[in-house]
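Everything on this sheet refers to the single structure shown next.
The values are calculated or read from the model by the stated rules, or taken from the named source; none is laboratory data. These numbers come from a predicted model, not from an experiment. Glycine gets a Cβ as well: all are built from the backbone with ideal geometry, and neighbour counts include every protein chain shown.
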Amino acid sequence: HQISRVGQLLDPVADRLYILATLIGLLLRGIVPLWFVLLLVSRDLIMSVVLAVLKRRGVTGLPVHFVGKAATFCLLYAFPLLLLGDGAGWLADTAKVVGWAFAVWGTALYWWAAVLYIGQARRIMAATP
């Protein structure tokens with residue numbers, strides 16, 4: 001298990017790009033509604049602004065929080081299940097229900113993590129001249 005600074009920077013970017021690309025694909029196939037896509041993308045846009053403000057103050061990032069990892073985990077499980085749920089039969093029906101359960105929990109955790117990250121950012125900005 002190795003950790004590098006490049007990996008710490010690229011991992012969240014890769015996760016966000018995967019989520020965005022997958023959401024667009026699921027939206028185009030009619031699997032998820034537009035409001036769901038906007039809910040997740042708006043959170044990422046808000047966090048991009050927060051991170052840009054921090055960067056101007058010389059802060060390169062925020063410490064990763066367990067809630068953020070749990071949110072990403074749920075969303076990364078939700079997307080393939082929702083795609084599988086687009087079919088017919090009992091397996092598709094089950095996948096759709098479980099996929100939406102992961103999507104709902106993931107979205108709630110995603111926004112909760114954003115609130116926690118914004119709190120961290122506020123504390124950092126208060127302590128940084």
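Laid out as a table, the results:
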| read-out | value |
| --- | --- |
| Matching option when the condition is part of a helix (DSSP H, G or I), touching a helix residue (DSSP H, G or I) at 6+ places or on another chain (Cβ under 8 Å) and not aliphatic (A, V, I, L, M), among Asp15, Asp86 | Asp15 |
| Per-region count, the range 43-76, residues over 19 Å from Ala126 (Cβ atoms) and not hydrophobic (A, V, I, L, M, F, W, C) | 6 |
| Any pair with Cβ under 8 angstrom, 6 or more apart, that starts in the range 14-31 at a residue that is more than 16 Å from Leu45 (Cα to Cα) and ends at one that is at pLDDT 95 or above and exposed (fewer than 15 other Cβ atoms within 10 Å of the Cβ) | Leu27/Pro33; Leu27/Leu34 |
